[in-house]
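Trainee: Please see the structure below; I have some questions.
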Amino acid sequence: MDDDWDDGTESTPVVSNVGVASTGGRQFSKGRGYKPVESNDDEWGSGGGGDYESNRPRGGRSDRGNRRGGRGGSDFGDRRGGGGGGGNNYRENNGNSNGWSNNHNDDEWGASKGSDSYDGGHFEGRGRGRGGRGGGGGRGRGGGRNGEGGRNGDGDFGNRDRDRGDDKEEPQRPKEIYVPPERTTDDNIFATTITSGVNFIKLDEIEVNVSGEDIPTPITSFESSGLRPHILGNVLKSGYTKPTPIQKYALPIVMKGRDLMGCAQTGSGKTAAFLLPIINSLLASQEPPVMEESTCQPRCIIVSPTRELAIQIFEQSKKFAHNSIIKTVVAYGGTSVNHQRTVLSNGCHILVATPGRLNDFVKRGHVNFASCGYFVLDEADRMLDMGFLPTVEEMLGHATMPSTGERQTLMFSATFPEDIQHLAGKFLFNYIFVAVGIVGSASTDVEQNIHQVTKFDKREKLIAMLQKNDEKTVVFVETKKIADFLATVLSENDIKATSIHGDRLQREREDALWDFKKGICKILVATGVAARGLDIEGVQHVINYDLPKSIDEYVHRIGRTGRVGNRGKATSFFDSSHDTGLASQLAVILKQAGQEVPDWLGSAGFNSGASDNFGGRDIRGGDFGRAQNFSTTPAEEPEEEW
Ligand SMILES: Nc1ncnc2c1ncn2[C@@H]1O[C@H](COP(=O)(O)OP(=O)(O)OP(=O)(O)O)[C@@H](O)[C@H]1O
């Protein structure tokens, strides 16, 4: 699962701090959300070592129990300009801390079993022997649990045993107690959005299929939508002048109290499609947050599969509810439980959460569903797949959860396979199905290019590609280890890169995203954890260094660019010894988006059509399945069932 806990039952292995901003001088200590470990903040916490209270670069020494080792040069010292002895901090970081495989399975994204690419020594030797430099950096987070485990100076990428995941003896990385900083303020709260692009207006040309009983008429403008003036003001301050198609349909549906399954392409404004009507109705009721003794009873609960997406929805909610009584709180793994519980103890109207952390709060009695009038699953197909389904079922089956029909349940995604739609149906009541365009199709604003590249040539090709231009780029890879490795290699080639994946500490994940957002690092190397939902201004290019296993993930990944009418570009390395399973579906996605399908992709039976699994229609069939087409212009691409 994505979420992890502060309960100390697992600890995170040391991972490299590759590619973080090297310029030094950013002050991370107080004010960046660290808490002194002595504060015993967390009764579920590991309370593990570390010296956050001082943040002095100590190079491989923790002041707790003399835990040697850890990772000599870490970003703290480097960023604070204290460590490493100058030069390329990335190398120092890498040299001190790399080559770790993981046995910490808290995050299913990009499980880092040694990949094909690593096997066979393709990367062997890289990083080896770089250790020993940079010992002056770092906060000396105790890496060795038993007072040993020093890894100073032996950067060991290329250690094939580790690369294969033979990690029994890896020192474990104690978790830190992380209180996330508030990154938005009254001054910048309306600047968190992507400005719509030249093709925004073309969103209106996309065919919309709506099915269900008593479908409310779609709105044509925000002004005529029935939103309260205060929210309307915030919408306009956000730079939204015209609703997107999913917003046109979803707003009246949700305002009428109906359940909804909404599908629309990436970057087409699904978040506002559920937030605006919910905030509107909460504001209309003027009711305060509900606290039952010490238990918080949010009126609306929004669940998202990743922490960063939860943060983003939280920010959006704060923005639309700005200067109103509506209070939004976010709860997600990798952060201080005590801190989040304290915040929750003041009550909230809207709780945005990752499933694991939410479930845990529920089990401990800090939250319940008794006042939950709205239950939203963002990235619903992901939330209902095997990884998260048990947790979602547990929530929806909880004794305090209002039954289907008593609460409003809303589900959104750009992809919605039919089998998942079937499953979703049991949590919804007489719902309306809205599909903007072909469900599961890619945004036509993304130019897609597929290159045949063997695993041995990928690295050089990527470096050449990134050196040629200066575009803000997300590079997706298969495993956490490759993410770290690649970010390091890029940094060594003077391409500023950072990485995000499930083995990084939450602080590191958020810092990496921040550095990428702010352009401190123009390259973000990511596992699938960043594939869905993330809305980052100015992303021009998405590169699939490794193609994903599922076509849905491909669609989400490339959807990090080409958002709200902006154009973007996606390049995928297709390794025919590894990716043939995706070929036919890839060809269909290209065709649907009006892109050229390379001959070689269409050959060898690759282009054999597609399955019916993509959920392009309302699976209820009968009257429901007979979609009502509200589009004024025909779809550019014929709808295929596959
Ligand atoms: N009506 C609008 N006018 C202008 N910009 C908008 C409008 N609606 C949403 N946006 C902006 O478009 C961007 C994408 O929106 P959002 O993140 O909700 O897309 P999404 O459909 O949820 O994408 P994904 O499927 O990738 O999660 C955001 O920056 C959002 O602020």
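Trainee: Could you please let me know if residue 238 is surrounded by fewer than 22 Cβ atoms within 10 Å (Cβ to Cβ) and within 23 Å of the chain's Cα centre (by Cα)?
Mentor: When the stated conditions are applied, residue 238 passes them.
Trainee: Show the residue pairs meeting these rules: Cβ distance below 8 Å; 6+ apart or different chains; first residue within segment 404-432 and over 18 Å from residue 254 (Cβ atoms); second residue outside any loop (DSSP other than H, G, I, E, B) and hydrophobic (A, V, I, L, M, F, W, C).
Mentor: Listed by first residue and then by second, the contacts come to 414/263; 414/555; 415/263; 415/555; 420/380; 421/261; 423/389.
Trainee: Return the residues of segment 254-277 that are more than 10 Å from the ligand (Cβ to nearest atom), surrounded by 23 or more Cβ atoms within 10 Å (Cβ to Cβ) and farther than 18 Å from residue 209 by Cα; say none if nothing qualifies.
Mentor: Passing the criteria: only 277.
Trainee: Next question. Show me the strands (runs of 3 or more DSSP E) entirely contained within segment 522-609 in which 3 or more residues are surrounded by 18 or more Cβ atoms within 10 Å (Cβ to Cβ) and of a type outside the set (Val, Ile, Thr).
Mentor: Where strands (runs of 3 or more DSSP E) fall fully within segment 522-609 and carry at least 3 residues being surrounded by 18 or more Cβ atoms within 10 Å (Cβ to Cβ) and of a type outside the set (Val, Ile, Thr), they are 568-574.
Trainee: Conditions: (1) modelled with pLDDT of 95 or more; (2) of a type in the set (A, V, I, L, M); (3) within 14 Å of the ligand (Cβ to nearest atom). Residue 198 meets all but one. Number of the miss?
Mentor: Looking at each condition in turn, residue 198 falls short on (1).
Trainee: Turning to a different aspect of this structure: At pLDDT 95 or above, within 15 Å of the ligand (Cβ to nearest atom) and in contact with an Asp or Glu (Cβ under 8 Å, 6 or more places away or on another chain): does that describe residue 251?
Mentor: So residue 251 does not fit the description; no.
Trainee: Please go through segment 357-388 and pick out each residue that is surrounded by fewer than 19 Cβ atoms within 10 Å (Cβ to Cβ) and assigned to a helix (DSSP H, G or I).
Mentor: 363
Trainee: Looking only at segment 214-248, filter to residues that are charged (D, E, K, R) and outside any helix (DSSP H, G or I); which one of those is farthest from the ligand (Cβ to nearest atom)?
Mentor: Step by step, filter segment 214-248, then rank; the result is 214.
Trainee: Tally up the residues in segment 344-381 that are away from the ligand (no atom under 16 Å from the Cβ) and among the aliphatic types (A, V, I, L, M), please.
Mentor: 7
Trainee: For segment 303-343, which positions are more than 16 Å from the ligand (Cβ to nearest atom), under 22 Å from residue 177 (Cα atoms) and of a type in the set (Lys, Arg)?
Mentor: Of everything in segment 303-343, just one residue is more than 16 Å from the ligand (Cβ to nearest atom), under 22 Å from residue 177 (Cα atoms) and of a type in the set (Lys, Arg), namely 341.
Trainee: If the Cβ limit is 6 Å and pairs must be 6+ apart or interchain, which residue in segment 529-540 that is more than 9 Å from the ligand (Cβ to nearest atom) pairs with which residue that is part of a loop (DSSP other than H, G, I, E, B) and aromatic (Phe, Trp, Tyr)?
Mentor: 529/109
Trainee: Can you tell me which condition residue 211 does not meet? The list is (1) within 14 Å of the ligand (Cβ to nearest atom); (2) buried (at least 17 other Cβ atoms within 10 Å of the Cβ); (3) hydroxyl-bearing (Ser, Thr, Tyr), and all the others hold.
Mentor: (1)
The values are calculated or read from the model by the stated rules, or taken from the named source; none is laboratory data. Being a predicted model, the structure only gives us computed values, none of them experimental. Because the Cβ atoms are built from the backbone with ideal geometry, glycine has one as well, and the counts that use them run over all protein chains shown.
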